[in-house]
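Reviewing the structure listed below.
Here, each number is a calculation from the coordinates, and none is a lab measurement. Every value quoted in this text rests on a predicted model; they were computed, and no experiment measured them. All Cβ positions, glycine included, derive from the backbone under ideal geometry; neighbour counts span all protein chains shown.
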Amino acid sequence: MLYRTLLRPILFRLPPETAHELALHSLPLVLGTRLARDFVGGRCQRSCFGDLQRLGLSFKNPVGLAAGFDKNGIALEALATIGFGHIEAGTVTYQSQPGNQRPRLFRLPRDQALINRAGFNNDGAEAFAARVSKHRPDCVLGVSIGKSRAATNDEAVADYLKCFEIVYAVADYIAVNVSSPNTPGLRDLQKAEQLEMLLSALQQRNQELVERTARPQLMPLLIKLAPDLQSRELELIVDVAKRTHIAGIIATNTTIDREGLQTAPERVAACGAGGLSGAPLRARSTQIIANLFQLSGGSMNIIGVGGIFTAEDAWEKICAGAGLVQLYTGFIYEGPAVVRDINDGLAAIVKRDGFASLDEAIGSRAKELAGAG
Ligand SMILES: Cc1cc2nc3c(=O)[nH]c(=O)nc-3n(C[C@H](O)[C@H](O)[C@H](O)COP(=O)(O)O)c2cc1C
């Protein structure tokens, strides 16, 4: 409430990226106090769901922060105190890079959406790992890795491998981002042949690292997909995911589609190229999740992301097939309390709909939702 009536109007007067940087840098200061932590902190974060076992890890609750919010890992401890069950930091690339020219982030309030073409602006894998090793959050930490802009697609495997090795020590799981629309050619890595080469190489290195380090088991490796894939492409990707024994799929990243928006077309066009996130993405990402669940016969761990603002939105993703959910745009529009609201709401919905547990509901409406969208 405080966020929507007081803070958001102030933040939304600033250019979107300035507001983001301000929020990110003030979070550790603001949440340094016990009072503030108690105020925003999740009552539900430890109690309502017990420990959720996913990807061989233990999650306090199913709600996570999606990649891109804290690319450099500068506010992870503070973000964890808000009540997220997991945080996906990054996307981190092997090389540090400035990203695209500003402005590169735009708000579409009428659509409860954002458009961004950030282009993996980040300090690079070495700086990220050094920082995060000293400031680990009190929740599961995923690290999203991407291809450095300077690396061609032929050099992609080597580039991802270097990044993977560096962040390996600080991550609980690693997400391979092959779906950002803002790095030229990146989405081509979702094509079955290229994807299989990339994932096989990463899994081989993963195995070697288990033998070389004290880790008792493979690092859970996930891929993050675009919402703009066709059914046949999803089918091929699920086959590759099974063959390479990856731990799961994150669905979805932002869309390049602009259909059905309420914002005036000339305003949308003025934003230019980039990925659209938030409410307009909701149905499409749910449909992809349901399709992935169906295609994998329910065997694949899916993290559902795209247009989640409320507990009902999160619940629909779970019923489509997601075992965990994430949000980014909903966090910008609704503020920190949204995490607790979704967790509290989910606990109530599980009971309302007569399920014994959250796990029991996963994929319960996949067949119906695979056709919607
Ligand atoms: C400003 C911005 C930056 C993002 N950066 C990344 C990124 O670096 N890596 C990534 O995998 N996804 C990134 N995303 C995509 C989100 O993680 C998420 O998949 C997408 O926004 C859909 O979820 P939402 O509707 O809850 O925002 C970014 C999204 C936004 C809005």
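A few comments on the model shown:
- Where labels lie 7 Å past Cα in the beta-carbon direction, separation of Glu193 and Glu360 in nm: 4.8 nm
- Percent of beta bridges antiparallel (DSSP, the chain, rounded to nearest 5): 30 percent
- Cut-off under 5 Å, modelled amide H: who pairs with Arg54 long-range: Phe59
- From phi via Karplus (6.51, -1.76, 1.60), per-residue ³J(HN,Hα) for segment 76-83 in Hz, x at Gly/Pro: 5, 5, 5, 4, 5, 5, 5, x
- Charged neighbours of Tyr94, selected by a Cβ distance under 9 Å, balance to 0 (K, R count +1; D, E count -1).
- Among the listed pairs Lys60/Lys134; Lys162/Lys224; Lys162/Lys367, those beyond 28 Å (Cα-Cα): Lys162/Lys367
- Near Ala175, the amide H atoms lying under 5 Å from its own belong to Val143, Ser144, Ile145, Leu222; only residues 5 or more places off or on other chains count, and H is placed 1.01 Å from N.
- Evaluated at q = 0.27 Å⁻¹: base-10 log I(q)/I(0), Debye formula over Cα of segment 213-259: -1.04
- Estimated from helical segments only, the mean residue ellipticity of the chain at 222 nm is -12000 deg cm²/dmol, where each DSSP H run of four or more residues counts as -39500 (n - 2.57).
- Long-range amide H partners of Asp70 with built H, under 5 Å: Gly90
- Hull shadow area, averaged, segment 2-371 [alpha-carbon convex hull, nm²]: 17.1 nm²
- Percent RCO, i.e. relative contact order, over the chain, from Cα pairs under 8 Å lying at least 6 residues apart: 17 percent
- Oblate is the label for segment 110-207. Its Cα gyration tensor axes, ordered a ≥ b ≥ c, give a/c of at least 1.5 and b/c at or above a/b.
- Note on Leu2 and Leu218: the model spin-label points, each 7 Å out from Cα along the C-beta direction, lie 4.5 nm apart.
- Descending by average beta-carbon neighbour count within 10 Å, the peptides 339-346, 320-327 line up as 320-327, 339-346, the highest first.
- Gln262-Gln101 FRET efficiency (beta carbon distance; Förster radius 35 Å; 0.05 resolution): 0.80
- Whole-Hz ³J(HN,Hα) from phi, Karplus 6.51 cos²θ - 1.76 cosθ + 1.60, for segment 208-224, glycine and proline x: 4, 5, 4, 5, 7, 10, 8, 4, x, 8, 4, 5, x, 10, 10, 10, 10
- Dimensionless Rg over Rh [segment 186-228; C-alpha; Kirkwood]: 1.09
- Counting all C-alpha pairs of segment 35-182, share separated by more than 23 Å (%): 41 percent
- The string of couplings for segment 195-206 from the Karplus curve (6.51, -1.76, 1.60, θ = phi - 60°) is 5, 5, 4, 5, 5, 5, 5, 5, 5, 5, 5, 4 Hz, one whole number per residue in order, with x for Gly and Pro.
- Size of charge dipole - segment 2-371 - debye, nearest 20, with Cβ of Lys, Arg +1 and Asp, Glu -1, no other charges: 720 debye
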